[in-house]
1. Where the second residue is modelled with pLDDT under 95 and within 11 Å of the ligand (Cβ to nearest atom) and the first is in the same structural domain as residue 67 (by TED's automatic domain parsing) and lies in segment 92-104, which pairs have Cβ atoms under 6 Å and are six or more apart or on separate chains?
2. Looking only at segment 1-16, filter to residues that are surrounded by fewer than 24 Cβ atoms within 10 Å (Cβ to Cβ), more than 8 Å from the ligand (Cβ to nearest atom) and closer than 12 Å to residue 68 by Cα; which one of those is nearest to the chain's Cα centre (by Cα)?
3. Identify, please: which residue in segment 149-171 is in a loop (DSSP other than H, G, I, E, B) and more than 11 Å from the ligand (Cβ to nearest atom) and is, among those, nearest to residue 320 (Cα to Cα)?
4. Confirm whether residue 195 is part of a strand (DSSP E or B), under 15 Å from residue 144 (Cβ atoms), touching a strand residue (DSSP E or B) at 6+ places or on another chain (Cβ under 9 Å) and modelled with pLDDT of 95 or more.
5. Just to be sure I understand, how many residues within segment 160-177 are crowded, with 21+ Cβ neighbours inside 10 Å and out of contact with any helix residue (DSSP H, G or I) (no Cβ under 8 Å at 6 or more places or on another chain)?
6. Scan the helices (runs of 4 or more DSSP H) fully inside segment 1-69 and keep the ones with 3 or more residues being more than 22 Å from residue 279 (Cβ to Cβ) and out of contact with any strand residue (DSSP E or B) (no Cβ under 6 Å at 6 or more places or on another chain).
7. Among the residues in segment 96-106, are any assigned to a loop (DSSP other than H, G, I, E, B), at pLDDT 95 or above, more than 16 Å from the ligand (Cβ to nearest atom) and over 26 Å from residue 228 (Cα atoms)?
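The values are calculated or read from the model by the stated rules, or taken from the named source; none is laboratory data. The model shown is predicted, which means the values in this text are computed figures rather than measured ones. Cβ: placed from backbone, ideal geometry, glycine included. Neighbour counts: every protein chain shown.
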Ligand SMILES: NC(=O)c1ccc[n+]([C@@H]2O[C@H](COP(=O)([O-])OP(=O)(O)OC[C@H]3O[C@@H](n4cnc5c(N)ncnc54)[C@H](O)[C@@H]3O)[C@@H](O)[C@H]2O)c1
């Protein structure tokens with residue numbers, strides 16, 4: 001029997017998820033819900049589903065096996081907890097929630113209601129990052145000594161939904177939004193957790209008609225439990241777009257650019273690594289989740305992993321405010337599998 005799906009939030013990223021639903025065998029999209037009736041109807045029309053303006057009605061009426069939550073960050077917790085209470089498995093967009101307390105509530109509700117939760121940390125599903133992880137694990141380049149991650153993209157654009165610029169709705173700016181991807185990538189690539197963070201940010205974003213109170217740039221210096229340091233440089237002003245991860249080893253270097261490729265150097269010159277055919281990361285992600293829903297796989301670390309990312313981001317904001325390095329509490333390391 002097909003696994004049935006309801007989509008909560010019919011905004012920009014919902015489309016990627018519905019395309020993935022169409023591409024994964026054994027899935028059937030029932031309905032899409034958005035508080036904006038036109039958006040819900042438009043998406044429903046394109047994907048031949050029903051539309052709702054209230055996701056609670058959608059879940060109660062359609063009783064989908066799983067939901068995909070693509071709401072603004074401040075609504076992640078309430079929608080995830082409601083969905084879990086209704087017995088729906090949950091694929092929840094990143095970042096998991098506004099803060100660690102909300103992440104804890106989601107994890108507890110998912111456990112109590114015995115549903116599967118995956119937080120959509122999509123970086124793990126890009127072919128370039130998977131190739132990079134294999135190279136790190138093979139150890140051919142020697143010991144990894146540091147990672148430098150750079151992401152520049154125009155953040156304060158007309159196309160970006162306005163809620164991204166309000167702290168109360170987004171939980172932060174470019175660091176919360178894109179930093180979540182960077183922290184996920186580093187922790188996943190190295191199979192470790194961040195143990196301390198030092199950060200400096202700027203708050204100079206402007207948008208006509210919006211009281212922008214989120215940061216537009218951030219520089220983070222982090223240390224992992226494996227003793228490997230990393231820098232994350234994020235900026236969203238008038239930039240030349242760039243998205244590059246460089247990993248520095250004792251016997252060489254590796255460069256990773258999503259959508260472009262992976263390069264390795266053993267003698268001072270980068271050479272491109274042959275890559276396998278790219279499959280949509282959203283299809284890969286959903287395939288993994290559906291296997292878990294069917295009891296054929298597991299996503300059991302996804303909630304704690306996603307919560308650990310919010311913990312690092314919270315520590316980053318605290319470090320910026322206090323002007324000093326912030327250590328993550330030791331109990332965090334004990335309770336994360
Ligand atoms: N994985 C990725 O690469 C990626 C990319 C973009 C966005 N995201 C994440 O996806 C989420 C959504 O981002 P987006 O860019 O699609 O935002 P968006 O604003 O385009 O979509 C959110 C939708 O939720 C709707 N909404 C608001 N309140 C609602 C409510 N109470 N009930 C029902 N619908 C409601 C809005 O009308 C909007 O259509 C965020 O968590 C964002 O960080 C992830």
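1. Listed pairs, sorted by first residue: none to list.
2. The qualifying residue nearest to the chain's Cα centre (by Cα) is 15.
3. Here the answer is 166.
4. no
5. 2
6. Values: elements: 14-23, 37-46, 55-62.
Where helices (runs of 4 or more DSSP H) fall fully within segment 1-69 and carry at least 3 residues being more than 22 Å from residue 279 (Cβ to Cβ) and out of contact with any strand residue (DSSP E or B) (no Cβ under 6 Å at 6 or more places or on another chain), they are 37-46, 55-62.
7. Taking every residue of segment 96-106 in turn, none turns out to be assigned to a loop (DSSP other than H, G, I, E, B), at pLDDT 95 or above, more than 16 Å from the ligand (Cβ to nearest atom) and over 26 Å from residue 228 (Cα atoms).
Residue-by-condition table, conditions (1) within 18 Å of the chain's Cα centre (by Cα); (2) assigned by TED's automatic domain parsing to the domain that holds residue 250; (3) away from the ligand (no atom under 14 Å from the Cβ):
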| residue | (1), (2), (3) |
| --- | --- |
| 72 | yes, no, no |
| 84 | no, no, yes |
| 115 | no, no, yes |
| 141 | no, yes, yes |
| 145 | no, yes, yes |
